[in-house]
Every structure is written in structure tokens, then in C-alpha cells.
Amino acid sequence: AQSVAQPEDQVNVAEGNPLTVKCTYSVSGNPYLFWYVQYPNRGLQFLLKYITGDNLVKGSYGFEAEFNKSQTSFHLKKPSALVSDSALYFCAVRDTIYNQGGKLIFGQGTELSVKP
Amino acid sequence: ETGVTQTPRHLVMGMTNKKSLKCEQHLGHNAMYWYKQSAKKPLELMFVYNFKEQTENNSVPSRFSPECPNSSHLFLHLHTLQPEDSALYLCASSQDSGGAEAFFGQGTRLTVV
């Protein structure tokens, strides 16, 4: 079975400070990992993904994430937070044992609040 | 704009009504998904279609009935719903590849009264 955990319901950061949103996963095979962002009353927008290769993945809006296989983690980071980054962030995983585009499983989401 | 369009954006229906949600994508994707997003809960995967064939039904009650007539369109037919079915229903599509990201529509905000 595959699962994703986001241990923090909310993260509060001051503008200009670095931010981290945590994600851990569990899969049977190797993971495909994704981060999405959701603004109020909107669908989810893709930020970045890890498939293979370099453990540090860079994505949209200055976000990056680091894949750590030993810790089964894929934390989202940004060196300098903006107020406009305030939103709901979701981590997701797809198990590579699925040959087709199968289940994309999401964590429960982390509300990021960036204060001026 | 993600290329995935959902209609309607908002829907209020009584428990005895029958309604349908529509999802359309012209991204050339061959996998489509329905998710339910309730307040304070994670996204719940409901159904997965690959090449128009249903490959996943995540123990969804029969009052929700999906239909995928072609790779570009996905419907969710609703009948005799309950108030607890009120939620944001999200459609997504992706290439038929494990590493492909999913593209989401804006969602349909459903309220059952």
C-alpha cells in the first residue's frame, strides 16, 4: 500500500524567511513524488516532481524539494518566502509498481501562512 | 488555466435530484480521475480511468456513477445524495505514465440540501 503523511497542518513563516513544508511517504516499490499548491476556491496546481536522478528538484515559483530515500521524505523548500505563497500545499505519491498512470495518493495538506 | 475544464463550478441539489458533473480535457491525456475534497480531510481518490476503462473504484457508494465516453471527457452522475456528500469534486487528467503529473480542473463545489 502507498501513503503520504504531512505532519504539520499549518506552517507559519515571516516574509523573507526560508520555508519548509514536510512530507514523508510509504510505497512498495520506488516512488514518484509530487508537490501541488491550492489557492482558495481553485483546483490544484503542479509545482514539481521527483522521478529519478538528482535528489534536489527545482520547480515553479522558486520552490524546490529534496528527495531523501533513507528518510522516505520529500520536503518542500523555498529560500525566501513571499506573502503570495500563502496557500494549501499537498504532497502526493505514485508507486512505480503500477505500470500505468494509476493511483496518485495525496497527503492531508499543509496550510502555509506567510506574514509580512 | 490547466487545460482541464469542469462544469458547473457550483451546484446545489436536493437529496432526490439527479445531476451530472462534467470534465473535459484537450491535453491528449489518456488517464482521468475524480477526487473528492471535503473540509479538513485529504483528497480522496474516487475513480480512475485509463484509455476509457475504469481501473480504480475506491469503494465509492453507488449513488456516484462515473462515465468516460472517450479519453477527453469524464462525467460523474449523481443521484439520491446525502448532505455529507457536499464537497469540492475535482477532476484531473494525466498521461498514462507513472511519472506524469496530473492536471486538475477548478472543481465543482457541490452542496446537497
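Derivation of every value follows stated rules applied to the coordinates shown; laboratory data play no part. Given the structure is predicted, the values throughout are model-derived calculations rather than measurements. Backbone-built Cβ (ideal geometry, glycine too); neighbour counts: all protein chains shown.
Of note:
- Counting only residues at least eight positions apart within a chain, or on another chain, the aspartates and glutamates with an alpha carbon under 14 Å from that of B:K41 are A:E8, A:D9, A:E111, B:E84, B:D85.
- The loop-placed trypsin sites (Lys or Arg not before Pro) in the stretch B:1-49, going by DSSP, that have at most 13 neighbouring Cβ atoms within 10 Å of their Cβ come out as B:R9, B:K40.
- Of A:F74, A:S113, A:T52, farthest towards positive along the dipole that unit charges on Lys, Arg, Asp, Glu beta carbons give chain A: A:T52
- In this simple spin-label approximation, B:E1 and A:T52 carry label points 7 Å from Cα along the Cα→Cβ vector, and these lie 3.5 nm apart.
- Top of B:A102, B:A39, B:A31 by mean-square fluctuation, Gaussian network on chain B, Cα under 10 Å: B:A39
- Separation in nanometres of the label points that stand 7 Å from Cα toward Cβ, at B:E53 and A:V83: 5.3
- Taking all Cα-Cα distances within the protein assembly as shown, those exceeding 32 Å account for 18%.
- Over all pairs of different C-alpha atoms, the stretch B:67-113 has a mean inverse distance whose reciprocal, the Kirkwood radius, equals 12.6 Å.
- Applying a 4.7 Å cutoff between beta carbons, the unpaired cysteines of chain B are B:C68.
- Neighbour cut-off at most 10 other Cβ (10 Å), DSSP loop, chymotrypsin sites (Phe, Trp or Tyr not before Pro), the stretch A:8-49: none
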